[in-house]
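Please treat every number below as a calculation from the coordinates, not as lab data. Bear in mind that the values here come from a model prediction, so they are computed numbers and not experimental data. Glycine gets a Cβ as well: all are built from the backbone with ideal geometry, and neighbour counts include every protein chain shown.
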Amino acid sequence: MKFDIGTRSTGWLREIVHNILQPGQAAAVGQLTRQGLAIVLSALIIMVLGQGEAFAQSVPMPGAAQPTPPVADDAQPAPQGQPLSAEQLEQLVAPIALYPDALLAQVLAAATNPTQVVEADRWRQAQGDAPAEQIAAGAKTQNWDPSVKALTASPTVLAQMDRDLQWTTDLGNAYYNQRQDVMDAVQAMRQQAQAAVQLHSTPPQVVTNGSGAPANPAGRSALLQYINGAVSIQPGGTGSWVAAAANRPLSISDNVSTDKASRAELNVGTGLMQMNSETSLTLVNVDRRTVQVRLNQGTLHLHVRHLFDGEIYEVDSSNGSFTLTKSGDYRFDVDPKANTTTITVWKGEGSVSGDRPAVRVKAHEQVRLSGAAVERHKNPKPDGFDEWCRVRNQRQDSAYSRVYPYPYPYPYPYPYPPGVIVYGRPGPWYYTR
């Protein structure tokens, strides 16, 4: 599976169409123009439906005179309205920009049929854990657009679109009215991800640039893969805070803050960091072997599924620095007013350094740092936030292990199409080799 991050907005579609068309047809793709991009994407939806593993039937090629995305007979054209700016479009496509090309094409087309998306999600939920072949056969009999039928093979994506129906409608309107601008916004987000070294090839999918060559960034970054409530970011080197968007890559010196009744989750490969409400942190250093953050206030949960030899995870505060020596689950609470830091080790081990002798903290222990004083407690009790983190981490570890059985590869690949793992189950493209 491939998706392209070429600098030309048509490059990534040329790559996927080249792979899908028959040899005699591929030459026509070379003449692809910006004006013809809409026609190709419309054709791509049908071709993906015919080539996918879940929908393996033969579908005829649509004619070239199809300048608009598939729209159901009972759907009304989206109103033109005021065109969205490039920044607004990037915010709109952020949750899906890093999806593989085929899935992205399905989502864009399906978004123009929000009513069918709702119907399809309800129908898909009713199917439960039925075999994929049965679901595919059942979807084929429904009076839905082909793109909506195809999404029944990606239930987490379909559920996301149904859950946030306003976003789906806005996306469909934008794609209907500003198709080329939407494509450009997707490319802009992919290029940002590549620049932040978050987008790279893995065994299930290959990332290419405009020339078709593999993209091989040299390090890693954090990915803001989940937000709930009011979450803000301050890019390093700027003095401005802006509203965060899910699946935004973050790198050194970026700040992240959650408001009241808000939470966020950052993915750094084999490490997950969950922020509770009213929490603020700074990414001090994020590279191939080091993850270092400074917790300014609030509560942070750190889950590391595997700590490689030579790899460093460090959490700093005004009371010292905690360095992991084992994989596991850790909680950090910083109260800047009281000038205290509380470190809880649910599983694993680490040590605290600073203006005092080093303090080792083992599993089921908790230390409270205040100035030079150190209080130690045994068997601390978890709260609701700990349970929320435990469930999320367990779900994601289970999905990861199905793709990359232990021992994990290192340097490790990014495990999931961002935005999908948030809802708990990996998409079917994991099994496309």
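Hey, can you rank 267-276, 165-174 by average C-beta count inside 10 Å, highest first? Please report the intermediate quantities before stating the final value.
Numbers: 267-276: 23.1, 165-174: 18.5.
Taking the mean over residues of other Cβ atoms within 10 Å, the ranking is 267-276, 165-174.
For region 222-387, what relative contact order do you get, as a whole percent, if you take Cα pairs closer than 8 Å and at least 6 residues apart?
13 percent
How long is the gain from residue 125 to residue 308 if the chain were fully straight, where each residue apart is worth 0.36 nm and the alpha carbon distance is subtracted?
Length difference between fully extended and current span is 62.0 nm.
Which lysines does residue 378 reach when only Cα atoms under 21 Å apart count, and residues fewer than 8 places away in its own chain are ignored?
Within the straight-line cut-off, residue 378 pairs with 326, 347, 362.
Tell me, what is the FRET efficiency for residue 132 and residue 388 to the nearest 0.05, using R0 = 30 angstrom and their Cβ-Cβ distance as r?
For residue 132 and residue 388, the calculated efficiency is 0.45.
Return an integer: the convex hull volume of the alpha-carbon atoms of region 337-396, in Å³ per residue.
Per-residue hull volume (Cα only) is 109 Å³.
Determine, from the Cβ-Cβ distance of residue 191 and residue 143 and an R0 of 41 Å, the FRET efficiency 1/(1 + (r/R0)^6), rounded to the nearest 0.05.
The pair residue 191/residue 143 has a calculated efficiency of 0.60.
Nearest 0.05, what FRET efficiency do residue 243 and residue 349 give at R0 = 41 Å with Cβ-Cβ as r?
0.60
Over the Cα atoms of region 222-387, each weighted equally, I'd like the Debye log10 I(q)/I(0) at q = 0.16, 0.18 Å⁻¹, rounded to two decimals.
Reported log10 I(q)/I(0), two decimals: -0.89, -1.14.
At a 10 angstrom cut-off on C-beta neighbours, averaged per residue, how do the peptides 300-306, 391-397 rank from highest to lowest?
300-306, 391-397
So for each of 179-187, 359-367, 345-353, 82-90 I average, over its residues, the number of other beta carbons within 10 Å; can you give me the resulting order with the highest mean first?
179-187, 345-353, 359-367, 82-90
Less than 18 Å apart at the alpha-carbon level, and either on another chain or at least 8 residues along: which lysines does that give for residue 337?
260
Provide the per-residue ³J(HN,Hα) series for region 370-383, in order, calculated from phi with Karplus coefficients 6.51, -1.76, 1.60 and θ = phi - 60°, each as a whole number of Hz, with x at glycine and proline positions.
8, x, 8, 7, 10, 9, 10, 10, 9, 6, x, 9, x, 10
If you place +1 on the Cβ of every Lys and Arg and -1 on the Cβ of every Asp and Glu, how big does the dipole about the Cα centre of region 222-387 come out, in debye to the nearest 20?
Taking the Cα centre of region 222-387 as origin, the dipole is about 240 debye.
Apply the Karplus curve 6.51 cos²θ - 1.76 cosθ + 1.60, θ = phi - 60°, to the phi angles in region 94-99 and return the couplings in whole Hz, x for Gly and Pro.
Those phi angles translate into 3, x, 10, 4, 9, 5 Hz.
Starting from the Cα-Cα distance between residue 364 and residue 86, subtract it from 0.36 nm times their residue separation and give me the gain in nm to one decimal.
That pair, residue 364 and residue 86, stretches by 95.2 nm at full extension.
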